[in-house]
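Worksheet: the structure to be examined is printed underneath.
No value in this document is a laboratory result; all are computed from the given coordinates. For clarity, every value in this text was computed on a predicted model and none was experimentally measured. Cβ: placed from backbone, ideal geometry, glycine included. Neighbour counts: every protein chain shown.
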Amino acid sequence: MPGMFLYEYAVIRLVPQVEREEFINVGIILFSKKQGFIQTRIVLPEERLKLFKCEIDLEQIKANLHAFELISAGSKAGGPIACEELPERFRWLTAVRSSVIQTSRPHPGKTDDLEKEVDRLFLEYVG
């Protein structure tokens with residue numbers, strides 16, 4: 001079908017206590033190699049974080065989530081990874097890690113409008 005773009009996306013999760021495996025979806029990363037497109041959208045629901053019974057360094061979490069945005073955007077402020085090509089940035093951002101900020105495994109999809117798909121996925125998974 002003409003005008004349909006293949007993409008991959010991952011959900012960004014905040015896991016305040018990794019050992020408990022509880023998480024809050026806080027963002028989306030959407031990547032299309034053929035279209036040269038990558039976009040990250042994040043929101044930090046600070047009120048919901050208060051529901052977790054643990055100490056959270058909110059400023060550090062904000063800084064780490066902002067790094068996702070900088071790397072996605074290819075900003076030099078995002079460090080050496082941000083200077084890599086789009087596929088390498090997406091793979092680095094979605095690499096499996098056991099930290100407070102994690103991503104789901106990448107999922108494929110097709111759309112005729114990547115920007116609208118970011119909006120749709122963000123609304124569906126993050127709210």
Item to check | Reachable lysines from LYS62, criterion Cα separation under 17 angstrom, eight or more residues apart if same chain | outcome: LYS50
Next on the checklist: Expected output is a single nm value to one decimal: the length gained when fully extending between ARG120 and ARG48, i.e. 0.36 nm times separation in residues minus the C-alpha distance. What is it?
Outcome noted: 23.7 nm
Item to check | Qualifying GluC sites (Glu not before Pro) in the stretch 1-60, DSSP loop, other Cβ atoms within 10 Å at most 16 | outcome: GLU21, GLU22, GLU55
Checklist outcome for this item: Rounded to the nearest Å, the spacing of the alpha-carbon centers of the stretch 69-122 and the stretch 1-48 is 7
Checklist outcome for this item: Quarter of the surface of the C-alpha convex hull for the stretch 45-90, i.e. direction-averaged projected area in nm², equals 3.9
Checklist entry - Tell me, what HN-Hα J-couplings in whole Hz come from the Karplus equation 6.51 cos²θ - 1.76 cosθ + 1.60 at θ = phi - 60° for each residue of the stretch 88-100, using x for Gly and Pro? => result 5, 4, 4, 5, 5, 5, 9, 4, 5, 8, 10, 9, 5
Checklist entry - Tell me, what HN-Hα J-couplings in whole Hz come from the Karplus equation 6.51 cos²θ - 1.76 cosθ + 1.60 at θ = phi - 60° for each residue of the stretch 23-36, using x for Gly and Pro? => result 8, 10, 6, 10, x, 9, 10, 10, 9, 10, 4, 4, 8, x
Checklist outcome for this item: Amide H neighbours of ILE101 at under 5 Å, excluding residues fewer than 5 places away on the same chain, with H built from the backbone geometry, are VAL15
Item to check | P(r) histogram, all alpha-carbon pairs of the stretch 85-127 included - 10 Å bins from 0, percent | outcome: 22, 48, 29, 2
Item to check | Helix axis angle, 114-125 relative to the chain longest principal axis, alpha carbon, degrees | outcome: 30
Next on the checklist: Under 10 Å, Cα contacts only: if you run a Gaussian network model on the chain, which one of LEU93, LEU51, LEU70 comes out with the highest mean-square fluctuation?
Outcome noted: LEU51
Checklist entry - Hull surface divided by four, with the convex hull built on the Cα atoms of the stretch 5-113: how many nm²? => result 7.0
Next on the checklist: Could you tell me the relative contact order of the chain? Use alpha-carbon pairs under 8 Å, at least six residues apart, and round to a whole percent.
Outcome noted: 36
